[in-house]
Amino acid sequence: MEKPFDPTEQLVLKFGDIFTRQTTKDDMLTLWLPLERLKEVLFFCKNDLRPTYKFLYDLTAIDERPRKREPDYPSEQFTLVYHLYSYDGNQFLRFKIALKENALSAPSITSFWANANWYEREVYDMFGIRFEGHPHLTRILMPLTWEGHPLRKEHPARATEMGPFRLWDEKQDREQHALQFLPEDWGLQRHSEDSDFMFLNIGPQHPGTHGVIRLVLQLDGEDIVDIVPDIGFHHRGSEKMAERQSWHTYIPYTDRIDYLGGVNNNLAYLLSIEKLAGIEVPERVKVIRVMMCELFRIASHLVWYGTFAQDVGQLSPVFYMFTDRERVFDIVEAITGGRMHPNWFRIGGVAQDLPIGWEKLVKDFLNYFPKRLKEYDNLVMRNSLFKARTVGIGIFTTEEAIEWGVTGAGLRACGLEWDFRKKQPYSGYENFEFDIPTGENGDCYDRARVRVEEMRQSLRIIQQCMENMPEGSYKADHPLTTPPIKKHTMKDIETLITHFLGVSWGPVIPAGEAMVCTEATKGANSYYAISDGNTSPYRMRIRTPSFAHMQTVPYISKGYTVADLLSILGAMDYVLADIDR
């Protein structure tokens, strides 16, 4: 990968010396800028800076109050963090804004980026920071009646800190009233000049939504006029949990974000931690991790493949594909001892070395699965009914995909050959030969076609892992690996105590911040890890692909029918825990 281009000179030439540069462990260009210059700087970055930063990758905040103020940077009580990405320059750019507790307000950038809508609502919900000019600034993950802002440091982290729950009659009435949907609150009309609109709830319990999500449809007959997604039913406070877990004990929590992606979640988290700690993992670790991630990519895509076919009227494929997924899990179980949530990757390596006989299990699957994919092509992809329900449905262009934050197969289905495993390689992906499948039309059928071909490419990668597995250790020889190296613990008490503390308290990760973006099963995934030099994260921001993708549903569904909506949802391949965290 080429060395990133530094756009600081262009920014200073345009706006003057208003920026303060911060050094970070991930070497991402990080600039503090004054709040009053935020909109003009971001507008310039999106449209006029070279290379342009068209993609608003993420937007979040940090409660800085308990932390010692850093004199070298203009930090205050709260910080807004904007992550931009340039497809032209293949690089990230991080902006920070300092906010005071008595002035928690910033201008909305929803007029620049459509996908800023939900990100700003999330920051408002979690931190109480207002965005002036936002079209509908209301809670998004928490109930409308919730009191407080969960990611502020003073908000309780456990239910046991909040006192016993009581549901008296007045409270129940208030909660029920808050659940009633009023079209006027969202700027929707109940009537047009020639018809009355109907408002239909799909979910929160509905087989077509693949989990607990509520979609309120504004309908003119069968045609969709607009949609209001209601998310948050699966919200568990995963980012809040990170603040009370050690760096090591938080690993199992990552398994439950995209709960179909397995160790892909571990990898995105651990790469950021290893950046912070300066840990270089052995080559064997890299290849083992790649192999396991690609096995889980196939497992996840099989769930999507079968349920998508079921959504559009085919019942048989889901049974065949779930059976094949069990074959993948048999390999995962033999290697890790777990199946769906193995919690197997570790800081600096993996939990244990590959067992004797793993090659035969992998080889048998590599011989078996390609024939099954051919059968599924005939059963699903070439099926006339499947094509009728997906071709020309839910179309969006490459420009629209970038505007709304679409990544992964959805972006590649528009024709953009972009995969973070190729463009910003991690864990040794640069050493593997594989292709990036793309589509042409950006519709539901192309999104399916891309994912099917991705499974074939995953098989290519797994075969290369099997044939070229390096010798060496399964864990880095570094004092911050967890659990630490144990071979000397029975020889002297100091080493034994160090091992005991490393296991019970976890490692002390050096202060700093880092973020590594990975190509997860559903798109771009990252953990923005901030350490204050303690045994647990100070702040852990989880950027998931499904959150961004669900926000596109109203835009790409207008004008289609209710039946088409189920095709659009199925082709999206989202997971509710990935949306809500």
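Worth a mention:
- Inclusion of residue 281 among residues that are under 22 Å from residue 520 (Cα atoms) and outside any helix (DSSP H, G or I) is warranted.
- Taken over the range 384-416, the criterion of being surrounded by 17 or more Cβ atoms within 10 Å (Cβ to Cβ) and farther than 19 Å from residue 573 by Cβ is satisfied by 403 alone.
- Residue list for the range 527-558, filter: among the small types (Gly, Ala, Ser), under 28 Å from residue 418 (Cβ atoms) and surrounded by fewer than 24 Cβ atoms within 10 Å (Cβ to Cβ): 557
- Within the range 212-225, tally of residues that are crowded, with 18+ Cβ neighbours inside 10 Å and without any contact (Cβ under 8 Å) to a residue 40 or more places away in the chain: 3
- Restricting attention to the range 11-56 and to residues that are assigned to a helix (DSSP H, G or I) and β-branched (Val, Ile, Thr), the residue that is modelled with the lowest pLDDT turns out to be 12.
- Selection within the range 452-487: residues that are part of a helix (DSSP H, G or I) and either without any contact (Cβ under 8 Å) to a residue 24 or more places away in the chain or not assigned by TED's automatic domain parsing to the domain that holds residue 379 (or both). The member of this set that is farthest from the chain's Cα centre (by Cα) is 467.
- Residue pairs whose Cβ atoms lie under 8 Å apart, sitting 6 or more positions apart in sequence or on different chains, and linking a residue in the range 317-343 that is within 18 Å of residue 254 (Cα to Cα) and in contact (Cβ under 8 Å) with a residue 12 or more places away in the chain to a partner that is assigned to a helix (DSSP H, G or I) and of a type in the set (Gly, Ala, Ser), are 332/299.
- Helices (runs of 4 or more DSSP H) enclosed by the range 315-412 - at least 2 residues per element that are within 22 Å of the chain's Cα centre (by Cα): 398-404, 409-412
- Residue tally, condition of a type in the set (A, V, I, L, M, F, W, C) and over 24 Å from residue 111 (Cα atoms), over the range 13-66: 3
- Any hit, the range 89-98, residues being farther than 23 Å from residue 512 by Cα and assigned to a loop (DSSP other than H, G, I, E, B): yes
- Of all the listed residues (549, 499), the sole one being outside any strand (DSSP E or B) and over 25 Å from the mean Cα position of the chain (by Cα) is 499.
- Candidate set from the range 110-142 (those that are of a type in the set (Val, Ile, Thr) and under 30 Å from residue 70 (Cα atoms)); member that is surrounded by the fewest Cβ atoms within 10 Å (Cβ to Cβ): 129
- Selected residue (criterion: nearest to residue 143 (Cα to Cα)) from residues of the range 178-211 that are in contact with a helix residue (DSSP H, G or I) (Cβ under 9 Å, 6 or more places away or on another chain) and crowded, with 17+ Cβ neighbours inside 10 Å: 203
- Test: residue 304 is in the same structural domain as residue 264 (by TED's automatic domain parsing), buried (at least 18 other Cβ atoms within 10 Å of the Cβ), in contact (Cβ under 8 Å) with a residue 60 or more places away in the chain and closer than 21 Å to residue 387 by Cβ: yes
- Selection from the range 511-555 of residues that are outside the structural domain of residue 264 (by TED's automatic domain parsing), farther than 17 Å from residue 120 by Cα and of a type in the set (A, V, I, L, M): 553
- Restricting 64, 76 to residues that are over 25 Å from the mean Cα position of the chain (by Cα), more than 30 Å from residue 421 (Cβ to Cβ) and not assigned by TED's automatic domain parsing to the domain that holds residue 404 narrows the list to 76.
- Residues being of a type in the set (Ser, Thr, Tyr), closer than 21 Å to residue 130 by Cα and surrounded by fewer than 21 Cβ atoms within 10 Å (Cβ to Cβ) - total across the range 80-109: 2
- Residues in the range 46-68 that are crowded, with 22+ Cβ neighbours inside 10 Å and either touching a Cys at 6+ places or on another chain (Cβ under 6 Å) or under 19 Å from residue 407 (Cβ atoms) (or both): 53, 55, 56, 57, 58, 59.
- The set of residues from the range 67-84 being under 25 Å from residue 45 (Cα atoms) and in contact (Cβ under 8 Å) with a residue 60 or more places away in the chain comprises 81, 83.
- Every residue from the range 196-217 that is assigned to a strand (DSSP E or B) and touching a Pro at 6+ places or on another chain (Cβ under 7 Å): 199, 214, 215
- Looking only at the range 243-270, and only at residues there that are small (Gly, Ala, Ser) and assigned to a loop (DSSP other than H, G, I, E, B), the one that is farthest from residue 547 (Cα to Cα): 246
- Boolean, residue 145 is surrounded by 12 or more Cβ atoms within 10 Å (Cβ to Cβ) and not in a helix (DSSP H, G or I): yes
The values are calculated or read from the model by the stated rules, or taken from the named source; none is laboratory data. This one's a predicted model, so the numbers in the text were calculated from it and none came from an experiment. Positions of Cβ are backbone-derived with ideal geometry, glycine not excepted, and every protein chain shown enters the neighbour counts.
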